[in-house]
Amino acid sequence: MDKRGTVFLADAIHDSLVSEKDGTSRDVHDMHRMGKKQLLRVHAHLSHCRTAAFGLDNGGTAGLIYMYILSFAGYIFVIASMAEMASMAPTAGGQYHWISEFAPPSAQRFLSYTRGWLSVMAWQCGTAAGCFLAATELQGIIVLNYPDYNFQHWHGTLISILIAILLVVLNTVGARLLPYMETCAFVLHMTGFFAFVIPVWFMGAKPSPSLDVFTQFTNQGGWQSMGLSVLIGIITPVTALIGSDSAVHLAEELRNASKSLPRAMMATIALNGGLGFVTVLTFCYNIGDISTVLDTPTGFPFIQLYYNMTGSVKGTTAMVSVMVILSIANATANMATASRQLFAFARDQGVPFQRFFAHVPDRGRTREMPFNAILFTGVVSSLLSVINVGSTIAYNQLASMGIAALLSSYLVSTSCMALRRARGQPLLPAHFRLGRAGLPVNLVAIGFLLLAFVMSFFPPVAHPAPDTMNWAVMVYGAVIVASLAYYIPVGRHHYKGPVAYVRQED
């Protein structure tokens, strides 16, 4: 299943209906408690090989497998922690709202504000990265079919812009069809999963011995120890599994969100992680000559693996085309998430031009959806893709900043919940409760997130040149500085944080 949780397992958690717009009585209660007006239509239903190169260079097949297991286990604790907070406060604001409610009063406004900026930027960059991924996969198919094709960066940029335009259309005039698209994406994903796994095992060359797959580590990055190299390779599974909070930012458009949302989050990480592990094992057992796969002219090791396995350009094209469709579906969900995050933060007066971004039309084909925020997200994705014309490295660094930003938002919100528990402070009522296991679950999640956050800033090789350096830490810091540049003169006079609007229970 796609790493962003595009498919939400709708039918399994569909609950009782009230009005189409207001959702269930519990939804109305939650929105009232948080001091929010229901503006978005309740219509959504909760119905990995791409990044393998980094992990193969830093850790090899054995490191990739063990880091995937560690990441899968860590994310279960992270998602469980966030699912509980989502059940307590199901809002499009997500982490910055939870921080505002659960952080110590002295730090609520500042922490919530900076995390809000980082989350907004992360999802904007994530949407752009999703468009670019689909575009470059299409270029990979072209290279496969036409070896003489001159791979140009600006070609990928133009394709990426066209995909961004398509996503805006799907998220606006086609928004009513999104739940059905998600169902189709789920079916396509499941069939595509088996279409990948079965041929690889039965049509490919003899799989590598298990002893080699599980014990051979590599340190192509030239790090001082194999252990450090393996830990740096954790960015591959972390990237593949991140983004499970995407459903959170659609909370105000889900029926009975406080109950259905945490179930969907846990079901998604379980299914994604399980299928992903099978995919990783299949990839590692059947990869063959790693150098050949990594040096593929298509730019994607999984495309070369398909071709080595089938020996057929047409067969490989068909299989990769499924991946492209899923990438576009994933990017569509990313745009929905990014626009809702921007809408929510603007509603709480956290960004400039709040009224523009928080505006929701009440008539026409785009009624009851944050049209301006969706359009802005499409424009940002298009503009960011232009960076690729000058430097693919610069573009990738900007996109990778989103990984660190999301990890830090998970880290701060979970830490606030853990501190609240450690101090014995009361928690909000919720359908999904961790109970006595809450604090241990939160602490394990914090430990994993700290590790992943630090590793996200490491470059792929030791002693990197400027063009191979990981500049994500600089971009991350720049976002913090930019948020403060707005907060100090303007934002602090307007931004009170979501907690200021919360109504106390009678």
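Summed over region 357-385, the residues that are more than 19 Å from Val173 (Cα to Cα) and surrounded by fewer than 18 Cβ atoms within 10 Å (Cβ to Cβ) give a count of 1.
Within region 314-349, the set of residues being open to solvent by less than 20 Å² (accessible area, probe 1.4 Å) and β-branched (Val, Ile, Thr) comprises Thr316, Val320, Val324, Thr332, Thr337.
Residue by residue, here is whether (1) under 16 Å from the mean Cα position of the chain (by Cα); (2) open to solvent by less than 10 Å² (accessible area, probe 1.4 Å) holds:
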site: Ala240; (1), (2): yes, yes
site: Glu252; (1), (2): no, yes
site: Thr282; (1), (2): no, yes
site: Val293; (1), (2): no, yes
site: Pro297; (1), (2): no, no
site: Gly311; (1), (2): no, no
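What do you reckon, is Ser246 in contact with a helix residue (DSSP H, G or I) (Cβ under 6 Å, 6 or more places away or on another chain) and either more than 24 Å from Thr332 (Cβ to Cβ) or surrounded by fewer than 24 Cβ atoms within 10 Å (Cβ to Cβ) (or both)? Judged against the criteria, Ser246 is not a match. Please specify each residue of region 349-367 satisfying the condition of being under 23 Å from the mean Cα position of the chain (by Cα) and in a loop (DSSP other than H, G, I, E, B). Result: Gly350, Val351, Ala358. Specify the residue that is farthest from Ala103 (Cα to Cα); the eligible residues are those in region 429-456 that are part of a loop (DSSP other than H, G, I, E, B) and open to solvent by less than 40 Å² (accessible area, probe 1.4 Å). Among residues in region 429-456 that are part of a loop (DSSP other than H, G, I, E, B) and open to solvent by less than 40 Å² (accessible area, probe 1.4 Å), the one farthest from Ala103 (Cα to Cα) is Ser456. Looking at the structure I just gave you, is Ala404 of a type in the set (Gly, Ala, Ser) and modelled with pLDDT under 95? It is true that Ala404 is of a type in the set (Gly, Ala, Ser) and modelled with pLDDT under 95. Of the residues contained in region 349-368, one or more are found to be farther than 23 Å from Ser483 by Cβ and of a type in the set (A, V, I, L, M, F, W, C). When every residue of region 297-316 is checked against the conditions, at least one turns out to be in contact with a Phe, Trp or Tyr (Cβ under 6 Å, 6 or more places away or on another chain) and not aliphatic (A, V, I, L, M).
The values are calculated or read from the model by the stated rules, or taken from the named source; none is laboratory data. In this text, all values refer to a predicted model and were calculated from it rather than measured experimentally. As a convention, Cβ positions derive from the backbone with ideal geometry for all residues, glycine included, and neighbour counts pool all protein chains shown. With ligands, DNA and RNA removed, areas are computed over all heavy atoms of the protein, side chains included. Shrake-Rupley method; radii C 1.70, N 1.55, O 1.52, S 1.80 Å.
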